[in-house]
Number of protein chains: 2
Amino acid sequence: MINISILGYGTVGSGVFEIIRGNKSVITERTGQEICVKSVLDLRDFPNEPVSEVLVHDFSEIENDTEVQIVVETMGGLHPAYEFVKASLNKGKSVCTSNKALVAAFGSELLEIAAKNKCNFFFEASVGGGIPIIRPLVTSLGQEEVEEISGILNGTTNYILTEMTEKGTDFDTVLKDAQEKGYAEKDPTADVEGHDACRKIAILASLVYGASVDFEDIYTEGITKITDRDINYAKKLNAKIKITASVKNKNNKISAVVAPRIINSSQPLYSVDGVFNAILVKGNMVGDVMFYGQGAGKLATASAVIADVVEAAKNIGINTGIFWKADKVKLVPFEESVSKFFVRLSGNIADNEEKVEKAFGEVTKVDAGYNDEYGFITAPMTEGEFCSAAKELGNVINRIRVDGGNI
Amino acid sequence: MINISILGYGTVGSGVFEIIRGNKSVITERTGQEICVKSVLDLRDFPNEPVSEVLVHDFSEIENDTEVQIVVETMGGLHPAYEFVKASLNKGKSVCTSNKALVAAFGSELLEIAAKNKCNFFFEASVGGGIPIIRPLVTSLGQEEVEEISGILNGTTNYILTEMTEKGTDFDTVLKDAQEKGYAEKDPTADVEGHDACRKIAILASLVYGASVDFEDIYTEGITKITDRDINYAKKLNAKIKITASVKNKNNKISAVVAPRIINSSQPLYSVDGVFNAILVKGNMVGDVMFYGQGAGKLATASAVIADVVEAAKNIGINTGIFWKADKVKLVPFEESVSKFFVRLSGNIADNEEKVEKAFGEVTKVDAGYNDEYGFITAPMTEGEFCSAAKELGNVINRIRVDGGNI
């Protein structure tokens, strides 16, 4: 029997507790032995709930319990999660976490402590919720030179953009609706500004390139400036607007960005709608591989945590060798990134056509039926070049990067 | 250093040879040591090619080479692949194969021999080519009660159906084109009749349910009877025809089938086109998870073999515990499977309406503009019930099972 402790009985933590009871027989069969929740740490009490029998309020009880071999961290936030995880690893207890902020901030250090103590620091649930991505990247695609990872890594923003596309509603209305349905937080900043997706792509990039990709180095742009007019232009292009988080390796130069993009139906991410997430991995041998599923939700996320618990239970005393160096990856300066840009200018075509040609050369006009503005797509250019040209024009309403060769 | 041997220098075997050279540094880093191809078995000679330096013509040289720790089997076919694999495992050498026929026929026996000899029998490449599916099912979704697996598991048939849909071409024309492009074999039977997909779903089902699902027990129907008219009806329904292989577990009653189906855009498999494959897994906790990528192709398939080689190299002397029992899973008799059916009858609506109502009760008419036939969709019914009713009518041109609630 393997004893585990759960730190934090919130949404994910209680999901872990439930699945370990509900799927007991299959988990026991897969693990080769029974997994038993010996203690759950939470400041609150849960009288009359099954968890009350194993509830503790003091982390030191878990830290010093030599029978506890695996700790599940589902508290969220950096502190005291970091201190508790570090203490657990230092006691030789493997830790399985769903906490992306923790992994993005302290991943390399915690992985090193795990290796030193012959235990494991696992974090499948920190990216893509229930979608298996961390372990497949390491064990199924480890032989690949990964050229690119591009993902829809945030369900809230994907839901908002999907609703805006399907119902023609504006951002604020859909956000309010998403908050009512529980798909968006009261304070939606981390989601709608792209910070959540940014931490997730930083984790994937660190894992794949073997050194720390600092999320603070990644250019991140959210979806708050996307309007119904932008969506209508995308429709005219038989395309959709999606916020993607991506990292690319071109001749050992690594670049990363989180931003809304116009993508067309030839791209696998195009059909990923609603609260679903997907991660597209381009390997130099295997080509495109995509992983799709629920990127959030109590049971989906808890399921991913338990996959880690089973793996940790099968590797007691053995570090499985997942790591990345503390050294920071130097990303290509964002000004040098190349894209095509969809641009909207105030004023009609006659006001703009000449000066656009002067600033951008030949462009592709996009007509969505608005007479008070002029929409077009540029040739591929760097962010730096675009900024200069846009500044020169002075009347840019919005601009969205464009993926997809035939747009 | 880990020495491996490759049995069979055909498409996949030569791909393995190439990737081990081409991606040497990343493979060495992931494995923790260098992987070296010590010998390649093939009856042919390849003068002036790098492989000629390590080519052998006699399997016993590999079998008796105590330095060879891992054998890659990419010969295909049942014999002598089975004998060579068995002999290798009995010598304690792990085997990594891309040979679905071998796994579907002898999987449980070979897994047991591997366990006894503290080595591994891995077969990631046998299903879905380069798509990671076998290992994720075991290690990332092992904690799930899998309710259903449904996959587009054959790239040839998916390509044919996609071309028929996009270009309006008939089956024979597209097949000929696919053969010219190398997407279909000279003898396309195994693909177009569904036998290939059937072996693959049998492997996935055996893995997930822990006992042998015999591919010969699975009802299998190919795509040779699908016509351009069927495709046009599907278009009228905003749907596509896809051949899927699926297995379901409902209250511990397991059913499996390979057949063309009409599926709509609400289903993740809908957008999987061309030669791509995808496998949708429904877990009781995680919900829908989908894996997508190239289901065939030299380098994609070889990449999956090498993922297995890396895993085998990291587990020398340790069996990782993948197994299924030799006992056969008793599948639900196909006559009891329930579907809605899209049906085409000869004769116009006036000829048919009354007798259809008598045979099927209320149906949903589908009009694709043909005056010489009558198309409709039934309510859900068993295969047995459908057969009786269809027999009674006597004028069925074709029938295709329908998935998707809102069709």
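Throughout, read-outs are computed from the coordinates displayed, never taken from laboratory work. Predicted, not measured: the structure shown is a model, and the values here were computed from it. We place every Cβ from the backbone using ideal geometry, glycine too, and count neighbours over all the protein chains shown.
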Taking K and R as +1 and D and E as -1, what net charge do the other residues with C-beta under 12 Å from the C-beta of B:Lys186 add up to? -3
Pop out the ³J(HN,Hα) list for the range B:140-147 in order, Karplus 6.51 cos²θ - 1.76 cosθ + 1.60 with θ = phi - 60°, rounded to Hz; leave Gly and Pro as x. 9, 10, x, 7, 8, 7, 7, 7
Starting at 0 and stepping by 20 Å, how many percent of the alpha carbon pairs of chain A end up in each bin? 26, 51, 19, 3
So the label point sits 7 Å from Cα along the Cα-to-Cβ vector; using that for B:Thr382, what distances do you get to the other copies, in nanometres, sorted shortest first? 7.1
What is the mean number of Cβ atoms from other protein chains located within 10 Å of the Cβ atom of each residue in peptide A:129-139, rounded to a whole number? 6
Sorted by chain and number, the residues with a modelled amide H under 5 Å from that of A:Phe123, at a separation of 5 or more or across chains, are A:Thr97
Cut-off under 5 Å, modelled amide H: who pairs with A:Val332 long-range: A:Ile254, A:Ser255, A:Ala256
Where rotation carries B onto A, the chain B residue whose Cβ is nearest that axis, in whole Å: B:Ser271, 2
Would you work out the relative contact order for the range A:253-348, in percent, from Cα pairs under 8 angstrom that are 6 or more residues apart? 28
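Got a sec? How would B:Ser98, B:Ser108 order by Cβ neighbour count within 10 Å, fewest to most?
Ascending Cβ contact count within 10 Å gives the list B:Ser108, B:Ser98.
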For the range A:215-372, take N as its residue count and report Rg(C-alpha) divided by 2.2 N^0.38 Å. 1.39
Average other protein chain Cβ within 10 Å of Cβ, residues A:270-279: 2
Sort A:Ser94, A:Ser265 by Cβ crowding within 10 Å, fewest neighbours at the top. A:Ser265, A:Ser94
Count the net charge of all other residues whose Cβ sits under 15 Å from the Cβ of A:Glu67, scoring Lys and Arg as +1 and Asp and Glu as -1. -1
Binning at 5 Å from 0, report for the range A:337-402 what percent of all alpha-carbon pair distances ends up in each bin. 4, 19, 35, 28, 11, 3, 0
Highest GNM mean-square fluctuation among A:Pro333, A:Pro47, A:Pro80, for chain A with Cα springs under 10 Å, belongs to A:Pro47
Which of the GluC sites (Glu not before Pro) found in the range A:1-110 are in a DSSP loop and have at most 13 neighbouring Cβ atoms, other than their own, within 10 Å? A:Glu67
Please give the average number of partner chain Cβ atoms lying within 10 Å of the Cβ of each residue in A:317-326, rounded to a whole number. 1
Dividing the mean separation of Cα pairs under 8 Å (6+ apart) by the residue count of chain B yields a relative contact order in percent of 18
Among DSSP beta bridges lying fully in chain B, give the percent that are antiparallel, nearest 5. 65
Phi-based couplings in Hz for the range A:154-159 (Karplus 6.51, -1.76, 1.60; Gly and Pro marked x): 9, x, 4, 5, 5, 4
Rounded to the nearest 20 debye, what is the charge dipole size of chain B about its Cα centre when +1 sits on each Lys and Arg Cβ and -1 on each Asp and Glu Cβ? 760
How far apart are the A:Lys330 label points across copies, placing each 7 Å from Cα toward Cβ, in nm, shortest first? 6.9
Can you sort A:Lys355, A:Lys330 so the residue with the fewest Cβ neighbours within 10 Å comes first? A:Lys330, A:Lys355
For the range B:112-120, 3J(HN,Hα) per residue [Karplus equation, 6.51 cos²θ - 1.76 cosθ + 1.60, θ = phi - 60°, Hz, x = Gly/Pro]: 5, 4, 4, 4, 4, 9, 6, 10, 10
List the distances, in nm and shortest first, from the label point of A:Asp177 to the matching label points in every other copy, placing each point 7 Å from Cα along the Cα-to-Cβ direction. 4.0
Once you list every other residue whose beta carbon is under 12 Å from the beta carbon of B:Pro333, what net charge do they have if Lys and Arg are +1 and Asp and Glu are -1? -2
Given the C-alpha atoms of the protein assembly as shown, compute the convex hull and give its volume per residue in Å³. 181
In this model, which of B:Lys248/B:Lys298; B:Lys116/B:Lys298; A:Lys176/A:Lys242; A:Lys181/B:Lys240 are farther than 22 Å apart at the alpha-carbon? B:Lys248/B:Lys298; B:Lys116/B:Lys298; A:Lys181/B:Lys240
Part-to-part distance (alpha-carbon centres) for the range B:181-222 and the range B:364-385, which is given in Å: 28
